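Have a look at the structure below, then the notes.
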Amino acid sequence: MNVICYNYREGCDWRSIYVHYERHIREKCLHQKFKCRFEGCGKVVTRLTQNKHEAKCQFRLVPCKMCNQR
């Protein structure tokens, strides 16, 4: 049975058989939403925007200029 992605309204055009659906959502869908991985942030991002957000997230860990620890 062919299915479309849950995120089709956000722009995902994926279509396939149901047996591949969970893997698509869990690992591949660029439009899948989830919370930022940095503790304290909580912003909802997509795989499409994740890298851009994480690069500037105010809660990301950065090396200390004095001791180089995070």
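The values are calculated or read from the model by the stated rules, or taken from the named source; none is laboratory data. The structure displayed is predicted, hence computed values, not measured ones. Because the Cβ atoms are built from the backbone with ideal geometry, glycine has one as well, and the counts that use them run over all protein chains shown. What goes into the accessible areas is simple: the full protein's heavy atoms, side chains included, and nothing from ligands, DNA or RNA. Shrake-Rupley method; radii C 1.70, N 1.55, O 1.52, S 1.80 Å.
Taken about its Cα centre, the chain carries a charge dipole of roughly 280 debye when the Cβ of each Lys and Arg holds +1 and the Cβ of each Asp and Glu holds -1. Taking only Cα atoms, what is the 0 to 90° angle, nearest 10, from helix 47-56's long axis to the longest principal axis of the chain? Helix 47-56 sits at roughly 10 degrees to that axis. Computed from the Cβ-Cβ distance with R0 of 25 Å, the FRET efficiency linking Arg47 to Met1 stands at 0.50.
Kindly report the accessible area of the chain per residue (heavy atoms of protein chains, probe 1.4 Å, no ligands, DNA or RNA), in Å². Display every interim value, and only then the final one.
Values: 6070 Å² over 70 residues.
Here the per-residue accessible area is 87 Å².
If each residue of separation counts as 0.36 nm, what is the full-extension length gain between Lys35 and Gln58 once their alpha-carbon separation is subtracted? Don't skip to the answer; put the middle values down first.
Numbers: separation 23, 0.36 × 23 = 8.28 nm, distance 1.42 nm.
Value of the extension gain: 6.9 nm.
Shape analysis of the chain based on the Cα gyration tensor places the equivalent ellipsoid semi-axes at 34, 11, 9 Å, largest first. When the Cα positions of Cys29, Leu48, Tyr8 are compared along the charge dipole of the chain, Leu48 comes out farthest toward the positive end, with charges on each C-beta of Lys, Arg, Asp and Glu.
Model label points for Tyr8 and Arg23, set 7 angstrom from Cα along the Cα-to-Cβ axis, are 2.2 nm apart. Relative contact order for the chain: 19 percent, from Cα pairs under 8 Å spaced at least 6 residues apart, divided by residue count. Here the sum of -39500 (n - 2.57) over DSSP H runs of 4 or more residues, divided by the residues of the chain, equals -4000 deg cm²/dmol at 222 nm, to the nearest 500.
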